[in-house]
Amino acid sequence: MTILLWVLAVVLVAVGVAGLALPVIPGVPLVFLGIVAAAWAEGFAKIGGWTLALCGALAAVALVVDAVAGVLGARTLGATPWGVFGAVVGTVIGLFFGIPGLIVGPAAGAIAFEYWKDPNFQKASKAGAGVVVGFVLGVVAKCAIAFTMLGIAAIAYGM
């Protein structure tokens, strides 16, 4: 059972790390589940409850960051609620076009809805750029949080 849990831990962490940059894969939750599997493999003797609680809290923070990064980026560069709503619509439509759709969709949605509200392409494109900036900053933040979680688990494990 121990070997199976370690294999599961490695697979979950590897897929989770790949998912940090791929919008379709929930990267940080998978990294957290990998840490839980590693803790379980050792009977929670090395990676205990406090470490898991800290990693779980960091995972929750990462989920919030992921949810609001694009919106904050758009708002920072002047998007109105129409542009934010357009980014959400673009994300939903982008789901049908895979990873490129999930990257381009929110920006295109923000631009389209901003332009529909106010036919000023320069202002609308700033809102779209804000969505892209927010997405990139969200990925950077998720990576930092996930690798912090892995570092905490490694220190707890005694590596």
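Read the figures in this text as sums done on the coordinates, not as results from a lab. Quick caveat, the model's predicted, so the values are computed rather than measured. Note that each Cβ is placed from the backbone with ideal geometry, even for glycine, and that neighbours are counted across all protein chains shown.
Against the longest principal axis of the chain, how steep is helix 98-117, in degrees 0 to 90 to the nearest 10, with axes from Cα atoms? Its long axis makes an angle of about 30 degrees.
Pairs of Cα atoms nearer than 8 Å and 6+ residues apart set the relative contact order; for the stretch 28-110 it is 21 percent.
What do you get for trypsin sites (Lys or Arg not before Pro) in the stretch 42-122 restricted to DSSP loop and a cutoff of at most 15 other Cβ within 10 Å of the site's Cβ?
Working: sites: 46, 75, 117; in loops: 46.
For trypsin sites (Lys or Arg not before Pro) across the stretch 42-122 that sit outside H, G, I, E and B with at most 15 neighbouring Cβ atoms in 10 Å, the list reads 46.
In this label model, residue 104 and residue 10 are separated by 3.8 nm, measuring between points 7 Å along each Cα→Cβ vector.
The modelled label-to-label distance for the pair residue 118/residue 21, using points 7 Å beyond Cα in the direction of Cβ, is 3.6 nm.
From largest to smallest, what semi-axes in whole angstrom does the stretch 62-142 give when each is the square root of 5 times an eigenvalue of its alpha carbon gyration tensor? All intermediate terms of the calculation are to be shown ahead of the outcome.
Numbers: eigenvalues 71, 40, 17 Å².
Values for the stretch 62-142, descending: 19, 14, 9 Å.
Consider the candidate values [x] 16.6, 52; [y] 18.7, 62; [z] 15.7, 59; state which one is Rg and Dmax of the Cα atoms in Å computed from the structure displayed. Matching the structure shown: [y].
Find which of 111, 56, 93 sits farthest along the positive direction of the dipole of the chain, computed with +1 on the beta-carbon of Lys and Arg, -1 on that of Asp and Glu, about the Cα centre. Farthest towards the positive end: 111. About the centre of its Cα atoms, the chain shows a dipole size close to 200 debye [charges on the beta carbon of Lys, Arg (+1) and Asp, Glu (-1) only; nearest 20 debye].
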